[in-house]
Amino acid sequence: MSALLFERSSDDRVIAGVCGGIAARLAVDATLVRLVFAILALAGGAGILVYLALWIYARSRRALPAAALFALASAAILFALGLSGTALLGATLLVAGLVTVLAGGGSLRPGGSLPRLGVALLIAGAVIFLGRHGASGDLLAPGAVAGALILVVGPWLWQLTVERAERIRLQERAEVAARIHDSVLQTLALIQRHAGDPPRVATIARRQERELRRWLYGSGVADAESLVAALADAAADVEELHGVPVELASAGDAALDDRARQLVLAAREAMTNAAKFSGAAEIAVYAEVGSDAVSVFVRDRGTGFDRAAVAPERRGIAESIEGRLERAGGTATIVTTPGSGTEVELELPRTEA
Amino acid sequence: MKPRVVLVDDHELFRAGVRGEIATSVDIVGEASTVADAVPLIRELDPDVVLLDVHLPDGGGEGVIAGVAQERPAVKFLALSVSDAAEDVIGVIRAGARGYVTKTISGAELQNAIERVAQGDAVFSPRLAGFVLDAFRAGEPLGGDAELDNLTPREREVLQLIARGYRYKEIAARLHLSIKTVEAHVSSVLRKLQLSSRHELSRWAQQRRLV
């Protein structure tokens, strides 16, 4: 409606300054506006009626007489175009409906209410107008009804969508804030308290980095659902418990079923051994999901060891790694020599054994 | 002679850290924190190696490469990232970077990577090697250049060992090759990665979300 909030022009006027005012408001040449009014005036005097309507509105800001004059002007135009009386009735109803809707809260803009009378008038007007006018009335009438409905209900629906999107955005924002608070801020506090203990600070920072990374780029769920996610969890745990960085690389991924879980547990044990006994500064883990097998390699550049020299009561390797893989239908190979590090190779066929 | 290096990263703290770690073995001739600053700087300084952050406030590292490569084809780019997202990594490699390492890399290994890239070799982190193996998975029907679209068994083997955390020297010993041959295989993989029209590459990189 803001386009109607014009003032009559006092310096650019021929009759009452209405055309000048509109031209100033719409930022077009006043002559153009006058031309439009002149042409409309030829259509059964409609231009004159519209001019009067706008004049009244500009003087008194009273919408009703202006609207009535508008309706009359529309009728004049339609008559000039050679429409029947019935079509005119339909058109009048249409205009009346529109006016009612606008007067009832301006709901053509989002946020307004929906005056039922206005909607009813619009629909009735559309049906009559298009039903009686032209040979394709049968086709047009439903379209006109739909059009009228969209015109009135559309902005309201749009408003709903916008609100919904806004709500989702706010919710996401709240989640991010909660997440940052729970993890990053807590970690920063921890780091401040342990400022004198660099290895501990490094471990805390690294764990936080992993968590944040998983949240940003991963599935966002707390419990790992894939093999690689579960390995990342295991790597993070080992890192935190033993303070040795674990680098994880992978090609492909697989669902975390029971057998894959056994594989992850065995890999975790291998990482723990490397962290505890090898003395290596870093552990490399690589998982490859092929079409017929899943392989996990856990490698360190540490001291290595002699299998024969491991005390028999130390059951870690035999039970937790080899035994576990065997039960799951896979194989574990441990390659190590004193002084050149260790690589544990775990392989699990993908088809059920 | 020390390689001349330009450092492009928007985090001042990170640049300071890298400077401290590698200043003894390389000659850091310039620093920039945006694509807009980096492009004219690199054109002017003509360094041997640009250490390039994948993420910059006014566009990616790809933008820097695109702005420089035409005029200064001899400048080598080594991408550094905390992101590890496959689409970023593959994107910057395909744009022309000769290697990719994570920002958590140790100072000594970073120096090593810079020297390697300065000599024209390729540098793959274990993670990038995993990406590439995944992206070039065998068995897919191909429409393009078969030579560029597939890895040879030997290249696959080398990449797998890189992914498992082996250094070039260790790979050479294990496969009974010379280090030069290992480097040649990695450079060949880099070339395929940059030139292959294999559509799975981009699709794969987009779909992939790394943990």
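Inspection of segment A:286-303 finds a residue satisfying the criterion of being in contact with an Asp or Glu (Cβ under 8 Å, 6 or more places away or on another chain) and either surrounded by fewer than 16 Cβ atoms within 10 Å (Cβ to Cβ) or at positive phi (or both). Of all residues in segment B:30-70, those satisfying the criterion of being assigned to a strand (DSSP E or B) and surrounded by fewer than 18 Cβ atoms within 10 Å (Cβ to Cβ) are B:G30, B:H55, B:G59.
In summary, B:E87 fulfils each of the numbered conditions (1) surrounded by fewer than 19 Cβ atoms within 10 Å (Cβ to Cβ); (2) modelled with pLDDT of 80 or more with the single exception of condition (2).
Among the residues making up segment B:161-178, those that are at the interface with another protein chain (Cβ under 10 Å from one of its Cβ atoms) and part of a loop (DSSP other than H, G, I, E, B) are B:R164, B:G165, B:Y166, B:R167. For B:L13, indicate whether it is buried (at least 17 other Cβ atoms within 10 Å of the Cβ) and modelled with pLDDT under 90. Answer is no for this residue.
Kindly indicate whether any position in segment A:158-171 is at pLDDT below 80, exposed (fewer than 14 other Cβ atoms within 10 Å of the Cβ) and of a type outside the set (S, T, N, Q).
In the first step, residues of segment A:158-171 are kept if they are at pLDDT below 80; the result is none.
Among the residues of segment A:158-171, not one is at pLDDT below 80, exposed (fewer than 14 other Cβ atoms within 10 Å of the Cβ) and of a type outside the set (S, T, N, Q), which makes the answer no.
Every condition in (1) outside any helix (DSSP H, G or I); (2) crowded, with 22+ Cβ neighbours inside 10 Å; (3) without any contact (Cβ under 8 Å) to a residue 40 or more places away in the chain holds for A:A281 except the one numbered (2).
When the residues of segment B:116-136 are narrowed to those that are surrounded by 18 or more Cβ atoms within 10 Å (Cβ to Cβ) and either among the aromatic types (F, W, Y) or over 16 Å from B:L159 (Cα atoms) (or both), which ends up farthest from the other protein chains (Cβ to nearest Cβ)? The qualifying residue farthest from the other protein chains (Cβ to nearest Cβ) is B:A118.
The values are calculated or read from the model by the stated rules, or taken from the named source; none is laboratory data. This is a predicted model, so every value here is computed, not measured. Using ideal geometry, Cβ is built from the backbone for each residue, glycine included, and neighbour counts are taken over all protein chains shown.
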